[in-house]
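Since the structure comes first, as structure tokens, the remarks are kept for the end.
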Amino acid sequence: MSQLSPGTHIFNAPNGLIFRYTVRGNTTASHDQMVLIQCPGWGIGPRYLQSAFTPLENEYTLVFFHPRGSAGSSRPANSSAMTSFDMAADLELFRQYLNIDRFPAMLGHSHGGTIVLAYAEMFPHHIVTLVLIDHRLLGHDDSSSFMRFREERKGDVRFNEAYHALHTDLPTNDEELKEYMTRIIPIYFFDPQTHVPRYLEAIGDEGYSFWCLEKMRECDRTVAIGKRMIDGLKDVTAATLIIFGGQDCQCTMENAEQTRNLGVHYATVVILDQCGHFPWLEKPDETFIIIKDFLGG
């Protein structure tokens, strides 16, 4: 299938948008060994995920989908069309383009997980397996847990500067967003001194899109969108694995618990201790054993 040859490709969608997607890994694997990896929709791009999931490349064809507005994919004419559900609808057009009946596996980290969860709600008959890693459940407010982590970390020099920057140096453009993320990133880790340098190396010189961050937040943080996600959980039929770092203070493990409790009742939930928002960096062995066992099962 030429659409899944190695490299970065262009997909001209029937909704008028032009998408980029990148194919890596074992491109001679059978079709049921394909994993669609959804990049977050707030403008971070695919690079950090491509380095993250190299342990899957020997067995699987990995397809990294760049969402609307990010990493070379075009922006919608209407900036209000930047919800996670809009991005999930793009994936349905992509499935049709690939001419496959179902995605064998869809994986998303953080907001990428939000998008593939939305897809599993909207198109339950077109996905077999769903892997969510530290995803955000729209409609669930875990701000009290965020504040609890902040209180527990008060006085810890590893986090002081990051928490100070969180609400004092808010970005207004792409360059400021990159600098802002670099300053606050320690918050996302259990052990920032060890793992922040590895994260920054994975990001490299890839830019961020402030426009995507701003518009995605405006669109997703409405009561209606949150209700739509919560109400749709009961429609998910895909075999679902949810992995979370127990010390993720940005997307707390409440998101995992509520995803299961409010609708995806049969989901397998794994909480990794001494681990933050990026399990493949802080708990790589456990993370990939769990993912490979689940996909292979």
Residue match in the range 126-139 (condition: assigned to a helix (DSSP H, G or I) and in contact (Cβ under 8 Å) with a residue 40 or more places away in the chain): no
Residue count, the range 247-297 (criterion: surrounded by fewer than 16 Cβ atoms within 10 Å (Cβ to Cβ) and assigned to a loop (DSSP other than H, G, I, E, B)): 5
Residue within the range 22-39 that is within 27 Å of Ala81 (Cβ to Cβ), of a type in the set (D, E, K, R) and surrounded by 12 or more Cβ atoms within 10 Å (Cβ to Cβ) present: no
Hits in the range 75-112 - residues which are under 20 Å from Arg20 (Cβ atoms), of a type in the set (Gly, Ala, Ser) and not in a loop (DSSP other than H, G, I, E, B): Ser84, Ala88, Ala89, Gly108, Gly112
Members of the range 1-27 that are touching a His at 6+ places or on another chain (Cβ under 9 Å) and in a strand (DSSP E or B): Thr8, Phe19, Arg20, Tyr21, Thr22, Val23
Positions within the range 191-208 being of a type outside the set (D, E, K, R) and either in contact with a Gly (Cβ under 7 Å, 6 or more places away or on another chain) or not in a helix (DSSP H, G or I) (or both), in sequence order: Gly204, Gly207, Tyr208
Scope the range 67-104; condition among the aliphatic types (A, V, I, L, M) and either farther than 16 Å from Leu117 by Cβ or out of contact with any Phe, Trp or Tyr (no Cβ under 6 Å at 6 or more places or on another chain) (or both); matching residues: Ala71, Ala77, Ala81, Met82, Met87, Ala89, Leu93, Leu98, Ile100
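FYI, it's all coordinate maths here, none of it is from the lab. Please read all numbers here as calculations on a predicted model, not as lab measurements. Because the Cβ atoms are built from the backbone with ideal geometry, glycine has one as well, and the counts that use them run over all protein chains shown.
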